[in-house]
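Read the structure below first, then the notes.
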Amino acid sequence: MSARINRRALAAGLLAATATQTGGVAKFATPALRGDDTARLPDHAAFWSRLPLPFSLTDAWHMLSPATQAEIGGAVLGMALANYVYGDGRADADQFTDEALRSAAYNVADDLLNRIDDRLWVLLPDLYGQDGDHPRWALDSGLAS
């Protein structure tokens, strides 16, 4: 591509757009909460039970402040939306036609994933370990050395 995209600015803009209310949300007098009547995400309990974690992932989420939960939740929504715009794995007829937009969406999704990882490592060192080290639970159990 000849045009350089400022991935950081694009990611920040997408994150800000997904994490804050926009004019579109104001159209509803009382926003309807969504999700309780739809299929739940899998919890992968069988996998997580194989790891001697110091606390559950649900407990880890509740250790985060509401502002941090909103930040990470907004980033996850942005990442999912960027993956949708990128369209990998979709039939050609179902993909966006602007290749530059699709390429930028891929970069945003990748950037958000990496930044979410970095943020969680800082916020939850009991799960991820101190910088450069495996977490204590992985070392003590012999899963890592």
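Coordinate-derived values only; no laboratory data. Values in this document were obtained by computation on a predicted structure and should not be read as measured data. Every residue, glycine as well, gets a Cβ built from its backbone with ideal geometry; the counts of neighbours run over all protein chains shown.
Scalar couplings 3J(HN,Hα) for the range 101-114, obtained by applying the Karplus form with A = 6.51, B = -1.76, C = 1.60 to θ = phi - 60°, are 5, 4, 4, 5, 5, 4, 4, 5, 4, 5, 4, 5, 4, 5 Hz; x denotes Gly and Pro. The length gained by stretching the chain between Thr68 and Phe47 to full extension, at 0.36 nm per residue less their Cα-Cα distance, is 5.0 nm. FRET efficiency for the Leu77 to Gln130 pair, using the beta carbon distance and R₀ = 30 Å, is estimated at 0.55. In this simple spin-label approximation, Leu143 and Glu99 carry label points 7 Å from Cα along the Cα→Cβ vector, and these lie 4.3 nm apart.
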